[in-house]
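The values are calculated or read from the model by the stated rules, or taken from the named source; none is laboratory data. These numbers were taken from a predicted model, which means no experiment stands behind them. A quick note on method: Cβ atoms are made from the backbone with ideal geometry, for glycine too, and the neighbour counts reach across all protein chains shown. Ligands, DNA and RNA are stripped out before the accessible areas are found, and what is left, the full protein with its side chains, is counted by its heavy atoms. Shrake-Rupley method; radii C 1.70, N 1.55, O 1.52, S 1.80 Å.
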Amino acid sequence: MKLEDPFVKVTGFDRENLLFEVRKPKDKMAFISSYLKDKKDMSGIIYASTRKRVEACYKYLKKLSYNVTFYHAGLSDKDKKKNQEDFIYDRKNIIVATNAFGMGIDKSDVRYVIHINMPKDMESYYQEAGRAGRDGEKSDAILLYSTQDIVINKYLISQSSNKAYQLVKLQKLQTIINYVNTNKCLRAFILEYFGQDAEKNCNNCSNCLDDYEKIDVSLDSQKILSCIYRLDQRYGTSTIVDCLKGSNSQNSKEKI
Ligand SMILES: [Zn+2]
């Protein structure tokens, strides 16, 4: 553009107004309904990994009388357009969607983005979570995950016949697995992943805000691993637990 001495500004990756939260609830739907209780009139996006899960969550919230719509690639073009516009023009304030939703959407007052399932990598997660709070107002980015999410993501990657592709995808998946399991500041984790320096404590993420106690479980871990090893790695959780607890059950006596 032949600009002479233009003003150059490189903004960072940080989104200070977003509160990052990671949870592993036993019942994700119960978590969502409790979270939404005092947010009935706020705009929010709920991402789920499959069309089936999108529809299940949509039906669940509709039953609870939320003003909700949904979006996934299986809808007709007409329905996609309608549901998307219902959300953008505030006729519906919650949209449950797969990651097919969001490209080119610029709705500034989205107060929360919840992921019901763990996304496949940090890039997807940060892009989708970043659709919250574009107006700079306080907003939440919440990631709910379960062990099953990890298993499913690994299975999907294993379906590819390209080994090099699999390796890259598994490494990326591992980063987000580390994100949901870390006890360090979530914002610092994200910023460092994207190559930016960060403060150790942001005071605006679930790890910085939660009270928890650090306990050294090295000795217990050693006992568990040793027991698994001595039983030739042949038994499941309940037998290992029985052995470690010194259970008198016939089953565990036979194995010991
Ligand atoms: Zn933090």
Discussion item. Can you order the peptides 47-54, 126-133, 222-229 by their average number of other Cβ atoms within 10 Å per residue, highest first?
Written reply: 126-133, 47-54, 222-229
Item to complete: Report the label-to-label distance for K200 and E85 in nanometres (one decimal), using points 7 Å from each Cα along the Cα→Cβ vector.
Response: 5.4
Worksheet item: What does the charge count near K24 come to, summing +1 for each Lys or Arg and -1 for each Asp or Glu among other residues with Cβ under 15 Å from its Cβ?
Response: -1
Worksheet item: Once the other residues with Cβ under 10 Å from the Cβ of N183 are scored (Lys, Arg +1; Asp, Glu -1), what is the net sum?
Response: +1
Worksheet item: For the stretch 6-59 and the stretch 93-137, what is the separation of their Cα centres, given in Å?
Response: 7
Practice prompt. Provide the FRET efficiency to the nearest 0.05 for the K63-D210 pair, computing r from the beta carbons and using R0 = 45 Å.
Written response: 0.90
Response to the item:
Per the charge dipole of the stretch 122-256 (beta-carbon charges, Lys/Arg positive, Asp/Glu negative, Cα centre), the residue among C208, I228, A188 reaching farthest to the positive end is I228
Worksheet entry | Highest to lowest packing among 112-118, 20-26, 150-156, 232-238, scored as the average C-beta count within 10 Å | 112-118, 20-26, 150-156, 232-238
Worksheet item: Using heavy-atom solvent-accessible surface (probe 1.4 Å) with all chains present, what is the largest-first order of M122, M29?
Response: M29, M122
Worksheet entry | Crossing angle, helix 218-230 versus the chain [Cα axis fit, 0-90 degrees, rounded to tens] | 60
Discussion item. What do you get for the angle between helix 163-181 and the principal long axis of the chain? Use alpha-carbon atoms, 0 to 90 degrees, nearest ten.
Written reply: 90
Worksheet item: Relative to the Cα centre, what is the charge dipole magnitude of the chain, using +1 at the beta carbon of each Lys and Arg, -1 at the beta carbon of each Asp and Glu, and rounding to the nearest 20 debye?
Response: 1160
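Given the Cα-Cα distance of V217 and E192 and 0.36 nm per residue of separation, how much length would full extension add, in nm?
Values: separation 25, 0.36 × 25 = 9.00 nm, distance 2.75 nm.
Fully extending the segment from V217 to E192 adds 6.3 nm.
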Worksheet item: What percent does the relative contact order of the chain come to when contacts are Cα pairs within less than 8 Å and at least six residues apart?
Response: 20
Fill in: Distance-filtered residues of the stretch 1-21 - backbone nitrogen under 20 Å, label point 7 angstrom along D109 Cα→Cβ
17-19
Worksheet item: Distance in nm between label sites at S34 and S161, each 7 Å beyond Cα in the beta-carbon direction?
Response: 4.8
Response to the item:
If one compares the long axis through the Cα atoms of helix 51-63 with the longest principal axis of the Cα atoms of the chain, the angle in degrees, nearest 10, works out at 80
Fill in: D106 - accessible surface, heavy atoms, 1.4 Å probe, Å² rounded to 10
120
Worksheet entry | In nm, spacing of pseudo-spin labels at N181 and S249 (7 Å Cα→C-beta vector) | 2.6
Worksheet item: What is the extension gain from A100 to E137, computed as 0.36 nm multiplied by their sequence separation minus the C-alpha to C-alpha distance, in nm to one decimal?
Response: 10.8 nm
